[in-house]
């Protein structure tokens, strides 16, 4: 009886330690909303004779999703699965839990990476086509990019018209806009500025 009790205690102890040593990692740990990350579950010991099935929980399914369950093949200690995210407007954090192991994934909004104003030289009475690009899909409400055109003095020049803001549609990464330089405008170098969040990009063009 004593030996049986020792065996039971040994099995219980092994089970607890094994569960406590499960680990879950996510790579990369930060993604742009709309991208995926790979989660890897490592068991404390080999799976049993048959596959071991574990439930996957995601703390906020409006931001990220994963398979409902994952399976570790018999004789193995590792399995991987995909965590898919959705576009967001602000930085969000989700926790993925499998068995007693958990890991966090940060989901960030897209940032402004490119501003183009073409052509870089125009005659007064002509237009310049501007476009902005972000590094991931815009969220459901779109990404609102503020637009300014200024002279060397830093003020808006008379005779130059442009939209004060443009919206990159949901799921898209770019949008274009038109800057009109009237014949009444002064000749000189003008600066286009695009602002999204904390990122500001500038590009010059010349009006002749």
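Some values worked out for this structure:
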{"read-out": "Size descriptor, Kirkwood hydrodynamic radius, that averages inverse alpha-carbon separations across the range 91-132, Å", "value": "14.6"}
{"read-out": "Residue-averaged 222 nm ellipticity for the chain, from DSSP H runs of 4+ at -39500 (n - 2.57), nearest 500", "value": "-3000 deg cm²/dmol"}
{"read-out": "Residues residue 113 and residue 69, FRET efficiency given R0 of 35 Å [Cβ-Cβ distance, rounded to 0.05]", "value": "0.40"}
{"read-out": "Virtual spin-label span in nm between residue 104 and residue 135, 7 Å along Cα→Cβ", "value": "2.1"}
{"read-out": "Packing rank of 66-74, 139-147, where each peptide gets the mean count of other beta carbons within 10 Å, highest leading", "value": "139-147, 66-74"}
{"read-out": "Whole-angstrom gap from the range 139-208 to the range 30-109, using each part's C-alpha centre", "value": "41"}
{"read-out": "Distance between modelled label sites at residue 184 and residue 30, nm, 7 Å Cα→Cβ extension", "value": "4.8"}
{"read-out": "Spin-label model distance (nm) - residue 199 vs residue 45, 7 Å beyond Cα toward Cβ", "value": "4.9"}
{"read-out": "At 0.692 mPa s and 37 °C, Stokes diffusion of the chain via Kirkwood alpha-carbon radius, µm² per second", "value": "157"}
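We did not get these values from a lab; they are worked out from the coordinates using the rules stated. Please read these numbers as outputs of a predicted model, since none were measured by experiment. FYI the Cβ positions are ideal-geometry reconstructions off the backbone, even for glycines, and counts take in every protein chain you see.
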